[in-house]
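Trainee: Starting off with a structure, shown below.
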Amino acid sequence: MEEKWSKESREYFSTELLSWYERSKRDLPWRRHRDPYYIWISEIMLQQTRVDTVIPYFHRFIERFPTISSLAEAPEEDVLKCWEGLGYYSRARNLQAAARQVMERHGGKVPNDKASVSALKGVGPYTTGAILSIAFNQPEPAVDGNVMRVLSRYFFIEEDIMKTGTRALMERLAGSLIPAGRAADFNQALMELGALVCTPKAPQCLTCPVMAHCSARLEGAELRLPVKSKAKPPRPEYRLVALVEGEGERAGRVLVRRRPDTGLLARMWELPHVPAADKPGEGAGVADGSAMNRLAGALAEVGTYVQAAGPFMAAEHIFSHIHWYLRVFRFQEAAALSALAGFAEMAVAEAREAYNEGEQAAEEYRWITAEDMNDLAFPNVFLKILSQYFAEQKVE
DNA sequence: CATCCGTGGTT
DNA sequence: TAACCAAGGAT
């Protein structure tokens with residue numbers, strides 16, 4: 001093994017890092033307990049998500065679902081609502097599915113063997129190591145982005161960290177660095193250093209406890225590591241969104257629908273929307289008429305007849321792989337037309353498939369008030385549109 | 001192995 | 001400001 005990976009270099013690293021962690025570790029909510037359930041929740045929430053973002057969600061979640069059984073028995077709707085705004089919603093659904101696994105297979109206690117932990121839904125290689133080490137102090141590596149950045153710099157590893165093989169290398173190295181009996185603290189120390197000191201763009205080398213033997217630092221290459229292949233930019237998608245106000249019994253209500261069981265924002269609620277015919281022209285509002293016609297037609301095909309009331313707002317939303325450009329239009333339900341159209345049910349059902357253009361059809365539509373939003377989980381982009389709408393209604 | 005899966009903060 | 005990135009996992 002190369003000199004920079006020597007036993008001396010590795011022991012220095014582990015010793016100094018642990019010492020630094022004892023002095024510098026943050027007081028985080030999930031560090032105040034040894035409850036494996038809390039550790040588990042925090043690790044799921046922290047996947048691709050910043051500590052500051054997670055903290056309020058963590059508090060709310062353990063208050064609402066204080067035990068594994070309470071989580072297992074809750075309606076999925078409640079779990080999603082608790083996750084609303086945090087993103088990557090399959091984490092929430094997998095977490096609940098895993099809680100049910102734990103109730104059935106492990107007597108309601110988080111298992112402490114590798115095979116059982118990694119078999120839990122939503123728990124991959126990183127989270128397996130995190131749970132085993134942090135909750136049970138087992139000497140398993142927990143290699144996340146922080147760890148790969150720190151190790152790639154200190155040990156000057158130039159392999160692309162996006163590649164599977166590099167992660168395997170990192171896991172072997174990280175595992176060999178764990179001091180006997182100190183897995184919980186050491187793994188957290190490694191991540192803590194990456195989060196607070198060995199940051200991606202502006203590492204604070206002068207305050208780093210292992211600067212003296214950091215290979216990248218010694219060669220002035222800390223900003224060049226880790227090597228990471230670039231992600232593809234999100235593809236643009238142009239969509240027309242309908243904000244339909246109810247009439248008669250539904251006065252003061254808005255039409256929403258639930259998304260399909262799989263894929264983007266699975267089982268979340270949203271405003272109805274359709275793909276735009278083409279990119280919106282820069283000339284303002286020229287195409288509003290045809291856009292509203294297209295939306296009205298689409299709504300008719302699911303049994304709601306409307307009259308256009310004009311543009312409401314534009315919105316953008318960037319997912320990891322899709323960039324939504326949304327144009328939102330207001331409509332008034334035309335209840336008389338809806339009643340008249342009762343005879344057309346069959347035709348509607350057939351037209352529905354054509355209209356969805358290969359997308360999975362939303363099955364459930366609902367007319368909601370502002371208060372109903374307390375119970376239904378919406379992705380942020382629709383939360384913003386709806387909250388603005390209801391706020392304006394309140395003033396009027 | 002590449003792509004899908006959210007959102008918000010940082011530089 | 002537009003990348004870049006964050007305690008990743010599933011397929």
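Trainee: What is chain A's relative contact order, in percent, from Cα pairs under 8 angstrom and six or more apart in sequence?
Mentor: 15 percent
Trainee: I'd like the per residue volume of the convex hull spanned by the Cα atoms of chain A, given in cubic angstrom.
Mentor: Spread over its residues, the Cα hull of chain A gives 182 Å³ apiece.
Trainee: For the range A:209-332, what's the relative contact order in percent, using C-alpha pairs closer than 8 Å and at least 6 residues apart?
Mentor: Relative contact order comes out at 30 percent.
Trainee: With N denoting the number of residues in the range A:3-224, provide Rg(C-alpha) divided by 2.2 N^0.38 Å, to two decimal places.
Mentor: For the range A:3-224, the normalised Cα radius of gyration is 1.05.
Trainee: What Kirkwood radius, in Å to one decimal, follows from the Cα pairs of the range A:225-264?
Mentor: 15.0 Å
Trainee: Could you provide, to the nearest whole Å², the per residue accessible area of chain A with probe 1.4 Å?
Mentor: 50 Å²
Trainee: Moving on to the next point. Which FRET efficiency value, to the nearest 0.05, is calculated for A:ARG32 and A:TYR88 with the Förster distance at 22 angstrom and r the Cβ-Cβ distance?
Mentor: 0.30
Trainee: Between A:PHE390 and A:ARG182, how high is the FRET efficiency from 1/(1 + (r/R0)^6) when r is the Cβ-Cβ distance and R₀ = 56 Å? Nearest 0.05.
Mentor: About 0.60, to the nearest 0.05.
Trainee: I would also like to ask the following. Name the GluC sites (Glu not before Pro) in the range A:2-41 that are in a loop by DSSP and that have at most 16 other C-beta atoms within 10 Å, would you?
Mentor: For GluC sites (Glu not before Pro) across the range A:2-41 that sit outside H, G, I, E and B with at most 16 neighbouring Cβ atoms in 10 Å, the list reads A:GLU2.
Trainee: Once you keep just the Cα pairs under 8 angstrom separated by 6 or more residues, what percentage relative contact order results for the range A:3-224?
Mentor: 22 percent
Trainee: Let me ask something additional. Out of the total accessible area of chain A (probe 1.4 Å, heavy atoms of protein only), what percent is carbon and sulfur?
Mentor: The value for chain A is 51 percent carbon and sulfur by accessible area.
The values are calculated or read from the model by the stated rules, or taken from the named source; none is laboratory data. All figures in this text were calculated on a predicted structure; none of them were measured in a lab. Every residue, glycine among them, receives a Cβ derived from its backbone with ideal geometry; neighbour counts consider all protein chains shown. Just so you know, the surface numbers come from the protein's heavy atoms only, side chains and all, with ligands and any DNA or RNA stripped out. Shrake-Rupley method; radii C 1.70, N 1.55, O 1.52, S 1.80 Å.
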